[in-house]
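Below is one structure, written out as structure tokens; the observations come after it.
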Amino acid sequence: MRIKRYMPVEDILQTVRQAKGYFITNTQRDLSQSDFKNRILLHTDLLAAPYREEAGYFSLEISGGASIHVDMLRKQVNPFLKLKLLRQKMPNTLFQTLCRGVNLFGYRPYPENVIRLTVREFAKYVEVWRVFDFLNYVPNMIPVFEEVKKAGKILEPCICFSTGPEHTDEYYVSKVKEILEVTGPDIILCIKNHGGLGTPARIGRLVNAIKQAFPELIIHYHGHNTDGNDIGRIVAAVLNGAKIVDAGDHALTGFYGPPPILTVIDTLEAQGIKAEGIDRSAVIATSQVLRKERLAYADFEAQYKGFDPTVQIHKLPGGAMGSSLEQAEKGGFLHLMPKILLEELPRVQKELGNWWSVTPGSQILWTTAVDNVLSGEHYANPSGDLKNLLLERYGPFPFYKPSKEIYRKVFGPNWKKIVAEESGLQEIEPVDLEVERKALEEKIGREPSVEELVLYLQHPNDAVAFFKFEEKFGRTYVLPPQVWFRRGGFKVGEKISFTDYTGKSHIIEVGPTHYTDGKKATHFVIDFHPIVLITEDEEKKESSSAPALTKEEIEALAETGDIRAPFNASIQKIEVKPGDEVGSGDTVIVIEAMKMQTPIESPVKGRVEKVFVKEGDQVKMGERLLLITPIEE
Amino acid sequence: MKKRAKFKKILVANRGEIASRIIRAIQEWGSEAVAVYETPDSEARHVVQANEAIWIGDGPCRDYLNIQKMIEAAKRAGAEAIHPGYGFLAENPDFAAACREAGLVFIGPPTQVVKWLGDKVMARKLMEEAGIPVVPGTEPLPLGEEGKELAAQFGKRYGYPIVIKAVAGGGGRGIRMVESEAELLAQLPIAQSEAKTAFNDPRVYLEKFLPSPKHVEVQILADEYGNVIHLGTRDCSIQRRHQKLVEIAPDMLNDPELTQKICQAAVMAAKKVGYVNAGTVEFLIKDGQFYFLEINTRLQVEHTVTEMVTGVDIVRAQLEIAAGNPLPFTQDDIIIRGYAIEMRVNAEDPKNNFMPESGKKVLVYYSPGGFGVRLDGCCYPGYIVPQVYDSLLVKLTVYGLTWEEAVTRLRRALKGFVILGPKTTIPFYLQIVDDPDFKKGIFKTDYLETHPHLLNYKEDEPEATKIARLIAEIHHRGFNPYAI
């Protein structure tokens, strides 16, 4: 029996509970994130939409995780519009999101009023809410739970899964109990195996243990195929009573995301268990459409092909595999990867408490391990997020605390005092939504919609950049990946046809290019009228390459008030303006790299002379940030 | 029947769209057109369109206003007549006189008529004599205390607000409104000194201000044989600071009897002054009453709407009349059918106080066409909005059998323009055509003041152009900088 969107929540849950077979969630969002660096465009999802609608999935996971951010940052599409457009083509299929609890769709905790507003707005378009916390700390998920219930949508809390001596069935069953005490029985429970860890036997035992404790509970198994064995885990989960499992369209499956749907269907069918509601031919037809499109995404697939069974050692989540390899290559430390992945990462993981390597914890583990190896010194450059973690500001350590040596290394000789004074769950003041709305209005020069405000509250700089992009370049989701990701320019005479968001057809023909005053000018014919388009001198920022300074030189300059970027980063927040007086140790600027924020403190007392950057800027290591004139004491 | 007289060659003493309009009529009529140009106009459309073109100086504007140079140019080209167009020398009696002294035909009314009607006070007096109602007003006020005294008396008698007008003004220039006696006495000397600077004539007079009237005008044609006919009315109520923005034929008074009376008064006015050639008699309408405003002794910008609803080529008629031919039709031949609306597509930024976009280049110019759409323009791809002349790109005139049809066609035609480069008044006009009051045909001279929200539009490039900009970025950089 197929699940359809118009069915009441209790009917859906009852149908799943009573079904003989099992249901499938098409985890397109996770597939895009794990195997294509989140780049699968709405254009492609719209092409696949009618076939996926026919296929009869329990749900299509198409929102959440990093996708809200990347939709705006790299795909220039409004995450709300994406859902609305897909809904037009998929009226019956439930849409599913992945929400990081108190971290929503970002990398650090949001104020409660922002969480509630965000869930309320997205719940208009999303029926299934998968919610997790990287420390499995249930209180961090409660505001989201409440809003999902209030909106009358399906709540799917997660237990994040990992391996090791602490990760016992008893522990997980107690976690499930803790969740059910908060939510009541009408939920779906997700076993979130973001790393694809454990053997099929291990997963089978876990599902069985939970089923024994809570026979009526619907279990949704989510895994990754990093080691190539997620089919095995899925089969074990279903045989032990899981009712919903995650998989992806085979034409797009890679190494770190979900395994192919069709393989799941056929394997379990041979065991006598049927995929409920599934139209097998529509599953195949979807991949027929997607296969052609995949070529356009080649640049975003992992450079290093092949499954990675060593994931059982380093435990990187599937969603972080591609970006980690990319960072290693760009950062020139690919040769150190065996050391990082097989030695340092497991060690850091253990030292920091053996909790779950998933956002934002996975980023903390990864950046710490990389820095430990690259700097040759352990915990020498702790990020702000690592400090917060150690102070248990994100939640208590589930199993054990890191050693005193680590605290001493990170916080210095006064660590005990700091820990005593600053430890404890972070209290985040609610933001004044009206003030934020006004600030956004100021930035975009028009009244923002509530949805735009929600996006701005998640990712202020990137949302504003996206709104400005949309104003300048229109709604570009209509362009296919072959155009969006084109490298090396277009051929003279090449015609680009598309249907704009209003439904009107257009043809843009590319003509010859020439140079004027160092700028490029190309003749186009748009809908039969000629136009010359000149691009601005956009490279000037990049060409002013920062002087190559060593870490020591940057620190020495900082002592004189010449604050430089300590590594390649983006400017997240500027805390001072010219004329301000700062004291030694005051935070002057917050920068972000690899999704980790690092506050930069002024090493001197003085007056801010000049600020060279603005929020949202990308800076290179050694680039000037601000100038402080020291004041003699 | 007597063979109709014709000129072999006619000089067009103007520039821009109206020069083109006149050149077309001359060439259709079977004559040759001579254009004149100042240096900034050397690549202008009218220069290439004419049969020959004569450079008259570096300008700017100076030479288009130079009577001597115009006459020399006409002589040199061997032209027999001069068409002054509108603006520049069109209503300058000295120019009419100089042409005639030089043995050239001035395509316009007799010199004396131009002179009389250019003097607003004289014109009012003549109309009063003819029994045509005029807005209560004064004689030209003497300078100094005496003038102030007379002004104060007028204010006491008729109340405020009052308009101070320059005798030599016109076309909306040299007008200011005062709300009280104190303001009147303060503004009077300023208005006088301004009139001296602007028109070289310090005389100003007062008129009772009619709050938010309708502006209706009548197109007149008169030949040398005493035939005076009218081509119906135009409604020019939608104005910005006394400058017409939208012009409609016929009027939107919805009162055929009143329209008839206005047209008869216009014919009477023309007869009273011995008018010859084309002219426009302007009236203000308030509470079912009409008041004479002024007579414009020239072809007007908005003549196209009258041409659309009557089928009469007014410029061609001007040539016929000037050549000494009798009008080729009578009043009974004139049938007004349907509605026409004209909008001036200017390279201006309505949101920035209609600031001209001078110096900007028109990168793309694509104009609408199809049934009922007429364009009189001087714009083309590559056209640079002049720093020194007006910012008119093209006049759009649409015709429709009904008002509703005309409005929907206007909307369609406005949407059909693709003009990239300078900002234009088109997005603002699109607001007007979507305004419920405009659609219902309800508007008076205070339309813009009572509809300020029409300026709150979003300026938007066509979607395809925006996307093409992104394609250009991808093309020029070799990758999509917004996807990396």
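The values are calculated or read from the model by the stated rules, or taken from the named source; none is laboratory data. Just so it is clear, the structure is predicted and the values come from calculations on it, not from any experiment. For neighbour counting, all protein chains shown are included, and Cβ atoms are generated from backbone atoms with ideal geometry for every residue, glycine included.
Tell me, which residue of the range A:463-478 that is more than 10 Å from every other protein chain (Cβ to nearest Cβ) and either small (Gly, Ala, Ser) or surrounded by 19 or more Cβ atoms within 10 Å (Cβ to Cβ) (or both) is nearest to the chain's Cα centre (by Cα)?
It comes out as A:463.
Within the range A:391-424, how many residues are free of Cβ contacts under 8 Å to residues at least 60 places away in the same chain and either hydrophobic (A, V, I, L, M, F, W, C) or in contact with a Pro (Cβ under 7 Å, 6 or more places away or on another chain) (or both)?
Counting residues in the range A:391-424 that are free of Cβ contacts under 8 Å to residues at least 60 places away in the same chain and either hydrophobic (A, V, I, L, M, F, W, C) or in contact with a Pro (Cβ under 7 Å, 6 or more places away or on another chain) (or both) gives 8.
Residue A:357: in contact (Cβ under 8 Å) with a residue 40 or more places away in the chain and polar (S, T, N, Q), yes or no?
yes
Please go through (1) in a helix (DSSP H, G or I); (2) assigned by TED's automatic domain parsing to the domain that holds residue A:412; (3) among the aliphatic types (A, V, I, L, M) for residue A:320 and return the number of the only condition it doesn't satisfy.
(2)
Please determine, by comparing only the residues of the range B:353-373 that are hydrophobic (A, V, I, L, M, F, W, C) and more than 14 Å from every other protein chain (Cβ to nearest Cβ), which one is nearest to the chain's Cα centre (by Cα).
The extreme case among them is B:354.
What about residue B:258, is it under 20 Å from residue B:310 (Cα atoms), of a type in the set (A, V, I, L, M, F, W, C) and surrounded by fewer than 22 Cβ atoms within 10 Å (Cβ to Cβ)?
Criteria met by residue B:258.
For the range A:6-22, check the following and say yes or no: at least one residue is at pLDDT below 95, not in a helix (DSSP H, G or I) and not assigned by TED's automatic domain parsing to the domain that holds residue A:257.
Looking through the range A:6-22, at least one residue is at pLDDT below 95, not in a helix (DSSP H, G or I) and not assigned by TED's automatic domain parsing to the domain that holds residue A:257.
Would you confirm whether any residue within the range B:307-317 is of a type in the set (Lys, Arg), under 28 Å from residue B:11 (Cβ atoms) and surrounded by fewer than 23 Cβ atoms within 10 Å (Cβ to Cβ)?
Checked against the condition, which is being of a type in the set (Lys, Arg), under 28 Å from residue B:11 (Cβ atoms) and surrounded by fewer than 23 Cβ atoms within 10 Å (Cβ to Cβ), the range B:307-317 yields at least one hit.
Could we say that residue A:567 is of a type in the set (Phe, Trp, Tyr), modelled with pLDDT of 80 or more and assigned by TED's automatic domain parsing to the domain that holds residue A:510 here?
no
For residues that are part of a strand (DSSP E or B) and at the interface with chain B (Cβ under 9 Å from one of its Cβ atoms), tally how many sit in the range A:484-506.
Total meeting the criteria: 3.
Consider residue B:465 against the criteria (1) more than 8 Å from chain A (Cβ to nearest Cβ); (2) in a helix (DSSP H, G or I): it satisfies all of them except one. Which criterion is unmet?
Residue B:465 satisfies all of (1) more than 8 Å from chain A (Cβ to nearest Cβ); (2) in a helix (DSSP H, G or I) except (1).
One line per residue, one yes/no per condition, for (1) within 22 Å of residue B:237 (Cβ to Cβ); (2) within 14 Å of chain A (Cβ to nearest Cβ); (3) crowded, with 19+ Cβ neighbours inside 10 Å:
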{"residue": "B:410", "(1), (2), (3)": "yes, no, yes"}
{"residue": "B:422", "(1), (2), (3)": "no, no, yes"}
{"residue": "B:438", "(1), (2), (3)": "yes, no, yes"}
{"residue": "B:451", "(1), (2), (3)": "yes, no, no"}
{"residue": "B:455", "(1), (2), (3)": "yes, no, no"}
{"residue": "B:460", "(1), (2), (3)": "no, yes, no"}
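Given the conditions (1) out of contact with any Asp or Glu (no Cβ under 7 Å at 6 or more places or on another chain); (2) surrounded by 18 or more Cβ atoms within 10 Å (Cβ to Cβ); (3) in a helix (DSSP H, G or I), which single one is not true for residue B:155?
Just one mismatch for residue B:155, condition (1).
When the range B:189-215 is examined, which residues are found to be assigned to a strand (DSSP E or B) and more than 20 Å from residue B:451 (Cβ to Cβ)?
B:204, B:205, B:206, B:207, B:208
Could you identify the single residue in A:448, A:481 that is without any contact (Cβ under 8 Å) to a residue 24 or more places away in the chain and crowded, with 19+ Cβ neighbours inside 10 Å?
Going through A:448, A:481 in turn, just one is without any contact (Cβ under 8 Å) to a residue 24 or more places away in the chain and crowded, with 19+ Cβ neighbours inside 10 Å: A:448.
Let's see how each residue does on (1) closer than 18 Å to residue B:215 by Cα; (2) of a type in the set (Phe, Trp, Tyr):
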residue: B:121; (1), (2): no, no
residue: B:125; (1), (2): no, no
residue: B:131; (1), (2): no, no
residue: B:143; (1), (2): no, no
residue: B:150; (1), (2): no, no
residue: B:160; (1), (2): no, yes
residue: B:163; (1), (2): yes, no
residue: B:183; (1), (2): no, no
residue: B:188; (1), (2): no, no
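Being out of contact with any strand residue (DSSP E or B) (no Cβ under 8 Å at 6 or more places or on another chain) and polar (S, T, N, Q) is the filter; apply it to the range A:435-465 and report the residue that is nearest to residue A:618 (Cα to Cα).
A:458
Tell me the helices (runs of 4 or more DSSP H) entirely within the range B:249-354 that contain at least 2 residues that are free of Cβ contacts under 8 Å to residues at least 60 places away in the same chain.
By residue number, B:256-273.
Against the definition (more than 7 Å from chain B (Cβ to nearest Cβ), in a helix (DSSP H, G or I) and either in contact (Cβ under 8 Å) with a residue 60 or more places away in the chain or more than 27 Å from residue A:290 (Cβ to Cβ) (or both)), how does residue A:509 come out, yes or no?
No.
Kindly establish whether residue A:297 is under 30 Å from residue A:330 (Cβ atoms), surrounded by fewer than 18 Cβ atoms within 10 Å (Cβ to Cβ), in contact with a helix residue (DSSP H, G or I) (Cβ under 8 Å, 6 or more places away or on another chain) and not hydrophobic (A, V, I, L, M, F, W, C).
It is false that residue A:297 is under 30 Å from residue A:330 (Cβ atoms), surrounded by fewer than 18 Cβ atoms within 10 Å (Cβ to Cβ), in contact with a helix residue (DSSP H, G or I) (Cβ under 8 Å, 6 or more places away or on another chain) and not hydrophobic (A, V, I, L, M, F, W, C).
Can you go through B:484, B:471, B:432, B:426 and tell me which one is under 28 Å from residue B:393 (Cβ atoms) and at the interface with another protein chain (Cβ under 8 Å from one of its Cβ atoms)?
Every option except B:471 fails the conditions.
Look at the range A:327-369 and say how many of its residues are assigned to a loop (DSSP other than H, G, I, E, B) and within 20 Å of the chain's Cα centre (by Cα).
Total meeting the criteria: 6.
Kindly evaluate residue A:322 against the criterion of being closer than 27 Å to residue A:49 by Cα, of a type outside the set (A, V, I, L, M) and buried (at least 20 other Cβ atoms within 10 Å of the Cβ).
It is true that residue A:322 is closer than 27 Å to residue A:49 by Cα, of a type outside the set (A, V, I, L, M) and buried (at least 20 other Cβ atoms within 10 Å of the Cβ).
Condition first: out of contact with any Pro (no Cβ under 6 Å at 6 or more places or on another chain), facing chain B (nearest Cβ under 9 Å) and of a type in the set (D, E, K, R). Can you find one or more residues in the range A:452-462 that meet it?
no
Consider the range B:51-67. How many of its residues are over 25 Å from the mean Cα position of the chain (by Cα) and not in a loop (DSSP other than H, G, I, E, B)?
4
Within the range B:380-404, work out how many residues are of a type outside the set (Phe, Trp, Tyr) and within 14 Å of another protein chain (Cβ to nearest Cβ).
Of the residues in the range B:380-404, 2 are of a type outside the set (Phe, Trp, Tyr) and within 14 Å of another protein chain (Cβ to nearest Cβ).
State all residues of the range A:370-380 that are hydrophobic (A, V, I, L, M, F, W, C) and either touching a Cys at 6+ places or on another chain (Cβ under 6 Å) or not in a loop (DSSP other than H, G, I, E, B) (or both); if no residue qualifies, say none.
A:370, A:373, A:374
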